[in-house]
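Written below as structure tokens is the structure these notes are about.
The values are calculated or read from the model by the stated rules, or taken from the named source; none is laboratory data. Since this is a predicted model, take the numbers as computed values, not measurements. So basically every Cβ, Gly included, is an ideal-geometry build from the backbone, and we count neighbours across all protein chains shown. Remember, those area values only see protein heavy atoms, side chains included, never the ligands or the DNA or RNA. Shrake-Rupley method; radii C 1.70, N 1.55, O 1.52, S 1.80 Å.
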Amino acid sequence: MRDNERLSTRVGKFRPSLTLELKTLASERRDRGLPVFDFGLGETKGPLATRIRDAAIEAYREGRTVYGDPAGLRELREEVLKWLGCGAAYDVENVVITTGAKQSLFNIFLAACNPADCALLDAAPWVSYQPLAVSSLAVPVMVQPAGGKASRLKVNGADLERELGMRPDVKLFLLNSPVNPTGQLYSSAELLELLAVCVRNRVYLVLDRLYWRVVFDGKAFPEPTLDDETRRWLIQVDGISKNFRRTGGLRIGWTVAPTDLAQAMANLQSHYTSGPSMPAQYAALAAIDADYDNEMCQALERKRDRVWAARETLPGVDVWPTPASFYSFWDVSGVFGRTTPGGETLDGSEKIARYLLGEAGVVTAPGSAFLQEGYLRISFAVHDDELEAGLAACAEAFGALR
Ligand code: PLP
């Protein structure tokens with residue numbers, strides 16, 4: 001074996017995510033006693049709800065730590081259907097509990113795609129979609145919206161039809177709404193149109209709705225229509241990582257899928273994880289079997305408004321409105337060509353992210369991590385004082401460019 005063959009060609013090519021690289025630079029700054037405003041991390045702040053914590057402790061105390069059903073705890077699967085409001089359309093056999101939403105996605109690629117099948121991704125795909133598709137030997141292809149920036153990078157039915165017309169080997173279209181990184185929300189009509197295209201073309205629509213409770217302005221997440229046909233082609237992915245405080249590390253997600261696929265995914269899981277950690281499943285059950293508390297969403301909406309108000313102070317930056325999620329998406333292409341006080345010309349989102357970190361201590365995620373150059377993603381799920389100070393530091397850093 002030659003040195004360059006020690007790793008598989010598939011996985012050996014992966015880079016650690018850019019956001020992690022920036023995190024390392026940020027902690028180096030912290031170690032030097034310099035301020036850091038972390039707008040990079042997609043995780044809500046605040047205490048873990050007592051009932052979630054106690055449910056996990058109780059499970060450990062009572063020794064509910066033996067192997068469980070690889071498809072997940074039955075009570076949790078039942079509750080997931082209620083949580084998603086689709087108990088009338090599905091049975092518990094359609095639900096598979098996974099180790100985070102990431103594993104749901106990986107299961108789907110593995111269960112649905114043959115080697116070299118095409119997996120269509122939406123226009124600003126979340127960082128892990130591509131590596132997950134590649135690892136499962138599918139070929140990820142991004143659907144480009146004809147509407148470009150004006151469409152806020154949302155894909156419509158015609159965009160999808162066009163792509164499907166060019167590729168006979170498409171197995172699925174993976175759509176994220178609310179969208180990480182752009183903060184956009186697909187309307188009911190937009191979702192329906194995409195679902196109809198998928199049904200007509202007999203490809204799966206995988207709907208990653210992980211942020212579905214974080215929808216602002218008094219609106220609610222538009223539920224997809226469920227009838228016999230759509231149920232055959234719709235796969236929904238969700239979990240507890242984003243709609244609650246401090247739950248990302250519990251690593252619980254779920255898939256609601258047609259029976260054959262759900263069965264295949266449960267079989268697969270029985271071989272490679274035997275299902276997620278049992279105490280974490282009890283914690284997830286405690287999270288979703290109570291009335292949902294909107295307090296976190298309301299707090300995030302106030303932060304969203306604060307970022308929106310700050311747009312006037314950011315020369316060259318076009319801040320997109322955020323109807324959902326906790327990400328503000330900044331079009332920074334207007335800053336390209338400008339020069340930093342240190343004499344560097346900024347010509348890409350990664351350079352801008354590095355400049356903001358070095359000059360202002362602000363951690364952001366460059367658009368290039370989401371295969372969209374010319375943007376920055378700002379996570380505003382931070383404490384109010386950090387948000388204020390970080391936005392002021394951004395204003396100063398953008399203002400200092402010539
Ligand atoms: N999908 C999207 C859009 C995400 O933002 C994330 C996490 O950031 C995931 C899936 C993975 O979620 P989990 O942490 O539950 O595995």
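Quick check on my link table: of 13/242; 45/154; 45/303; 149/171; 102/242, which ones sit more than 18 Å apart, alpha carbon to alpha carbon? Write out the running numbers ahead of the final one.
Details: 13/242 29 Å; 45/154 28 Å; 45/303 12 Å; 149/171 27 Å; 102/242 13 Å.
Listed pairs above 18 Å: 13/242; 45/154; 149/171.
Using a 1.4 angstrom probe, figure out how much accessible area the chain has per residue, in square angstrom, rounded to the nearest whole.
Result: 43 Å² per residue.
Let me have the 222 nm mean residue ellipticity of the chain computed from DSSP H runs of 4+ only, each contributing -39500 (n - 2.57), with the sum over all residues rounded to the nearest 500.
-12000 deg cm²/dmol
Need the C-alpha centroid separation for the range 345-397 versus the range 2-46, integer Å.
15 Å
Largest first, how would 331, 289 line up by accessible area (1.4 Å probe)?
Largest accessible area first, the residues go 289, 331.
Defining a contact as two alpha carbons under 8 Å apart and six or more residues distant in sequence, what relative contact order in percent does the chain show?
Relative contact order here is 24 percent.
Give, as a single signed number, the net charge of other residues whose beta carbon lies under 12 Å from the beta carbon of residue 53, with Lys and Arg counted +1 and Asp and Glu -1. Numbers along the way, then the final one.
Details: positive: 51, 245, 246; negative: 54, 58.
With Lys, Arg at +1 and Asp, Glu at -1, the net is +1.
When only DSSP loop residues count, what GluC sites (Glu not before Pro) in the range 55-97 have their Cβ near at most 16 other Cβ atoms within 10 Å?
Values: sites: 58, 62, 75, 78, 79, 93; in loops: 62.
When the GluC sites (Glu not before Pro) of the range 55-97 are filtered for loop state and at most 16 Cβ neighbours within 10 Å, 62 remain.
Over the range 197-259, what is the relative contact order in percent, taking alpha-carbon pairs closer than 8 angstrom and at least six residues apart?
Computed over the range 197-259, the figure is 35 percent.
Which value, in Å³ per residue, describes the convex hull spanned by the Cα atoms of the range 50-288?
Taking only Cα atoms, the range 50-288 has a hull volume of 117 Å³ per residue.
Share of antiparallel DSSP beta bridges in the chain, in percent to the nearest 5?
Of those bridges, close to 50 percent are antiparallel.
Using alpha-carbon pairs under 8 Å, 6+ residues apart, how would you state the relative contact order of the range 50-288 in percent?
Taking the mean separation of contacting Cα pairs over the length of the range 50-288, I get 32 percent.
Solvent-accessible area of residue 162, probe 1.4 Å, all protein chains present, reported in Å² to the nearest ten, please.
For residue 162, the solvent-accessible surface is approximately 100 Å².
Got a sec to turn the phi values of the range 67-73 into Karplus ³J(HN,Hα) couplings, 6.51 cos²θ - 1.76 cosθ + 1.60 with θ = phi - 60°, whole Hz, x for Gly and Pro?
Running phi through 6.51 cos²θ - 1.76 cosθ + 1.60 with θ = phi - 60° gives 4, x, 5, x, 7, x, 4 Hz.
With θ set to phi - 60°, apply the Karplus curve 6.51 cos²θ - 1.76 cosθ + 1.60 along the range 168-175 and write out the HN-Hα couplings as whole Hz, x wherever there is a Gly or Pro.
Taking θ as phi minus 60°, the curve returns x, 9, 6, 9, 7, 10, 9, 10 Hz for the range 168-175.
Where does the chain land on Rg(C-alpha)/(2.2 N^0.38 Å)?
Numbers: Rg = 21.4 Å, N = 402, 2.2 N^0.38 = 21.5 Å.
Rounded to two decimals, the normalised Rg is 1.00.
What are the GluC sites (Glu not before Pro) within the range 259-313 that DSSP puts in a loop, where the Cβ has at most 16 other Cβ atoms within 10 Å?
none
Loop-only trypsin sites (Lys or Arg not before Pro) in the range 192-223, please: DSSP not H, G, I, E or B, and at most 13 other Cβ atoms within 10 Å.
202, 219
Let me cross-check residue 229: its accessible surface, 1.4 Å probe, with only protein heavy atoms counted, in Å² to the nearest 10?
Approximately 80 Å² for this residue.
Using a 1.4 Å probe and counting only protein heavy atoms, arrange 271, 383 so the residue with the most accessible area comes first.
Per-residue accessible area, sorted high to low, gives 271, 383.
Using only the heavy atoms of the protein chains and a 1.4 Å probe, how would 65, 322 rank by accessible area, largest first?
Most to least solvent-accessible, the answer reads 65, 322.
At a 1.4 Å probe, what is the % contribution of carbon and sulfur to the accessible area of the range 50-288?
52 percent
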